[in-house]
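Enquirer: Below: one structure in structure tokens.
The values are calculated or read from the model by the stated rules, or taken from the named source; none is laboratory data. Model, not experiment: these values are computed from the prediction. All Cβ positions, glycine included, derive from the backbone under ideal geometry; neighbour counts span all protein chains shown. For accessibility, only protein heavy atoms count, side chains too; no ligands or nucleic acids. Shrake-Rupley method; radii C 1.70, N 1.55, O 1.52, S 1.80 Å.
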Amino acid sequence: MKRFLVSLVLLFVSFAASAQTIVVSDIDDTIRPQYVQDLSDSAKYVFDKDSLFMGMSELLNAVVQDTGARMFYVSRAPEWLMGNTHTAALERGGFPSGVYFPRTVYSKDEHKVRTLVQIIDKTHPTDVILLGDNGEVDAKVYNTIAEGYPHIRFHQFIRDAYNTPKFGGEGSSLYLGQMYFVTPVEVALELKRRGFLKNSSVQLLVDYLVPRIVAEKGKPKRGIMAFPYFVECRDFVWSWDQETSDYPLLNNLKAKIEKRCNN
């Protein structure tokens, strides 16, 4: 059974030693659907411990396996409301063990920044892989943190779950050094480019995930989903044509993404 240590007071002695690479992931609308921009529909996911974004656990397990990275999960959602759902979803979804930081002490606006600062100051990483979404403030928070640690290499991935104002939505735009993703495959391809993932790991992810993503029909609301019904991703731009010679299935993925994100 995997273990997710819930850090309620931001003290994690067992993770205090230096780490070369750490991974920090948001939860809602990053690894599980929550539809944070619609309060009525968002409420339907509060106790949903089984709906997840397809392939995120496989991606994070591959990153941890190939890099030896330490894993942290940070959420702005209050522990009293979402703590049980989050930890159960991480466990049931087979996500890599790590430390989970729900919001307990700080305000909604302060929690992620303060928590990330404490994680980085405790672990002293050379590289930080950050995953979030554009439904709330992840892009802004991650940019703030990256600017505060110029000696650390940050790799920032933001799920394009909501159209930005450019396309009539309220999703947040990217900051310099960030990139959108709509499936975990794009993150895997980019991390391989940057030397974090092995070719064999990416091949396994592509072979396993692409057929399942392509086969998804309609706009599902529950279960393991690549594109939940609420996702609007017109800001996403495909940037991995050069990898199609190594992974031919990417042509199918690109076609699927372009069709879904432009409808």
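Enquirer: Let me know the charge dipole size of the stretch 22-162 about its Cα centre in debye, to the nearest 20, where only the beta-carbon of Lys, Arg (+1) and Asp, Glu (-1) is charged.
Expert: The calculated dipole for the stretch 22-162 is roughly 340 debye.
Enquirer: Something else now. For the chain, what is the accessible area per residue in Å², given a 1.4 Å probe and the full set of protein chains?
Expert: 44
Enquirer: Something else about it: In whole angstrom, how far apart do the alpha carbon centroids of the stretch 198-237 and the stretch 21-69 sit?
Expert: Their Cα centres are 13 Å away from one another.
Enquirer: With a 10 Å cut-off between alpha carbons and a GNM built on the chain, which of 249, 90, 52 moves the most?
Expert: Greatest mean-square fluctuation among the candidates belongs to 249.
Enquirer: Report, in cubic angstrom per residue, the convex hull volume of the C-alpha atoms of the stretch 26-90.
Expert: Spelled out: Cα convex hull of the stretch 26-90, divided by residues, is 84 Å³.
Enquirer: Taking the chain, how much of its Cα-Cα pair set, in percent, is spaced more than 34 angstrom apart?
Expert: 11
Enquirer: Taking the Cα centre as origin and putting +1 on Lys and Arg beta-carbons and -1 on Asp and Glu beta-carbons, what dipole magnitude results for the stretch 92-180, to the nearest 20 debye?
Expert: That gives the stretch 92-180 a dipole magnitude of about 180 debye.
Enquirer: Once you've got the Cα coordinates, tell me which of 44/112; 221/254; 44/108; 112/254; 166/259 are over 26 Å apart.
Expert: Over 26 Å apart, Cα to Cα: 112/254.
Enquirer: So, with a 1.4 angstrom probe, what is the percent of accessible area on the stretch 60-170 that is carbon and sulfur?
Expert: 47
Enquirer: Any aspartates and glutamates with Cα under 20 Å of the residue 198 Cα? List them, leaving off those in the same chain fewer than 8 positions away.
Expert: Within reach: 58, 66, 127, 186, 190, 207, 241, 243, 246.
Enquirer: Report the charge-dipole magnitude of the chain in Debye, nearest 20, computed about the Cα centre from +1 at each Lys and Arg Cβ and -1 at each Asp and Glu Cβ.
Expert: For the chain, the charge dipole is close to 380 debye.
Enquirer: What percent do you get for the relative contact order of the chain when only Cα pairs under 8 Å and 6+ apart count?
Expert: Taking the mean separation of contacting Cα pairs over the length of the chain, I get 21 percent.
Enquirer: Still on this structure, please answer the following. Relative contact order for the stretch 152-263 using alpha-carbon pairs under 8 Å, separation at least 6, rounded to a whole percent?
Expert: Reported as a whole number, the value is 27 percent.
Enquirer: Here's another thing I want to ask about it. Please state the Cα pair-distance histogram of the stretch 39-191 with 10 angstrom bins from zero: what percent is in each bin?
Expert: 10, 38, 43, 10, 0
Enquirer: Mean residue ellipticity at 222 nm from the helices of the chain, using -39,500 (n - 2.57) per DSSP H segment of n ≥ 4 over the full residue count, to the nearest 500 deg cm²/dmol?
Expert: Roughly -11000 deg cm²/dmol at 222 nm, from the helical runs in the chain.
Enquirer: Would you mind estimating how fast the stretch 146-263 diffuses translationally, via Stokes-Einstein at 25 °C and 0.890 mPa s with the Kirkwood radius over Cα pairs, in µm²/s?
Expert: 160
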